[in-house]
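K.L.:
Here you go, one structure.
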Amino acid sequence: MENRADHERDPHDAAPGDEATDIGELSGGIKGYIIGLVLAGLLTGLSFLLVNVELIWRPALPMALIVLAVAQMGIHLVFFLHVTTGPDNTNNVLALAYGVLIVGLVIFGSIWIMNHLHHSTMPLAGGMHGM
C-alpha cells in the first residue's frame, strides 16, 4: 500500500493554520503576524491618544473608541485567527457566530434581569435615616 505523502499532497487536505500562503496574501506566515501586531499596536495607541488629547469632540469620543475596538477585532480575526471568507473557513465562521450569539444572549439577559429587578424592588420610604 502506497503512502499518499510520498507522491503529492492534496492542497485541500490541510489542518487549520497549515494552508499554503501566496505571496500576495497578507494574513499568513510571519509577515502576516508582524503586520497584524503593528496594526493592533497602532489602534491601541490611537485609542489612548484620543482619550488623552482633545483631537475630537468629547461627546463623540465613545463612538470613536467603539469604531477603533471593532477595527481591532477585525484585525485579530483576520491576522491572528485566520478567519476569512473562503469555503474552508465555514466552521470557523459558524463557531464565531455562535460565540457572538451566546455572549449577546448573556449580556441582553443580564440587562433584562437587572432592569426587571430594578422595577420590582420597593424603594425605601425614608431612606436610611430611620435606622
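No lab work stands behind these numbers, since they all come straight from the coordinates. Bear in mind that the values here come from a model prediction, so they are computed numbers and not experimental data. With ideal geometry, Cβ positions are generated from the backbone for all residues, glycine too; neighbour counts draw on all protein chains shown.
K.L.:
Show me the ranking of peptides 101-110, 33-42 by mean Cβ neighbours inside 10 Å, starting with the highest.
P.N.:
33-42, 101-110
K.L.:
Assuming 0.36 nm per residue, please report the length gained on full extension of the stretch VAL106 to SER120 beyond their Cα-Cα distance.
P.N.:
Details: separation 14, 0.36 × 14 = 5.04 nm, distance 2.07 nm.
Difference between extended and current length: 3.0 nm.
K.L.:
Within segment 33-71, what residues put their amide N at less than 20 Å from the label point 7 Å along the Cα-to-Cβ vector of LEU81?
P.N.:
Correct set: 33-44, 66-71.
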